[in-house]
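Participant: The following block contains the structure, expressed as structure tokens.
The values are calculated or read from the model by the stated rules, or taken from the named source; none is laboratory data. Just so we're clear, the structure is a prediction, and the values are computed from it rather than from any experiment. FYI the Cβ positions are ideal-geometry reconstructions off the backbone, even for glycines, and counts take in every protein chain you see. These area figures cover heavy atoms from the full protein model, side chains too; ligands, DNA and RNA do not enter into them. Shrake-Rupley method; radii C 1.70, N 1.55, O 1.52, S 1.80 Å.
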Amino acid sequence: MAQNSDTSSGQSTQQTGAQSGERRIPETRGGGSPARTDESSQGKTTIAASVVQKIAGMAAREISGIHAMGGGVSRAFGALRDRIPGGSGTSSTSGVQVEVGEKQTAVDLDLVVEYGESIVELSRAVRRNVITAVERMTGLEVIEVNIVVNDIHLPSDDEEEAPQSAQSRVE
């Protein structure tokens, strides 16, 4: 990937990519090589993509109105994984994909929102919270946060699930 070598002019790689029609995002996807965010004569700091993924997931869940994250299949596997003793515990990254480069990151989120919430306002709040958290904690520039709303959680969904789990199998 070509990098913008003229950093003193104030132009960012995102602007340069937009001008040429090419999307300039980090080189690696998901669990690829970690991001190098700080290098000095005293050493270097690298941040794994999984760390960015967890930060973004936690920041998205902090917003009131988010019921769950991930598509239907990933939520089903997550529920199954949670029931297995000693499961992997990756529910904090369900519905979160990241691309991480040396100085920038891009985040994709799959959300389930509560019925009655404004999806537009909720998306703005999630996007703002994710950008703030990732940039503050990692020092990486978040160039985009793409949000896909996969489902709406209805209050009646909870009522249907509760009686089934409360029934005893033995008399």
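Participant: Taking R0 as 22 Å, what FRET efficiency do you get between Asp158 and Met58 from their Cβ-Cβ distance, rounded to the nearest 0.05? Please report the intermediate quantities before stating the final value.
Facilitator: Working: r = 23 Å, r/R0 = 1.06.
Efficiency, from the Cβ-Cβ distance: 0.40.
Participant: Check which residues have an amide H placed less than 5 Å from Val149's amide H, if you skip close sequence neighbours.
Facilitator: Residues meeting the amide H criterion: Leu111.
Participant: I've got another one for you. What spacing in nm lies between the two simple spin-label points modelled at Val120 and Thr46, each 7 Å away from Cα in the Cβ direction?
Facilitator: 4.4
Participant: Still on this structure, I have one more. For the stretch 95-153, what is the accessible area per residue in Å², given a 1.4 Å probe and the full set of protein chains? Working shown, then result.
Facilitator: Numbers: 2830 Å² over 59 residues.
Normalised by residue count, the accessible surface of the stretch 95-153 is 48 Å².
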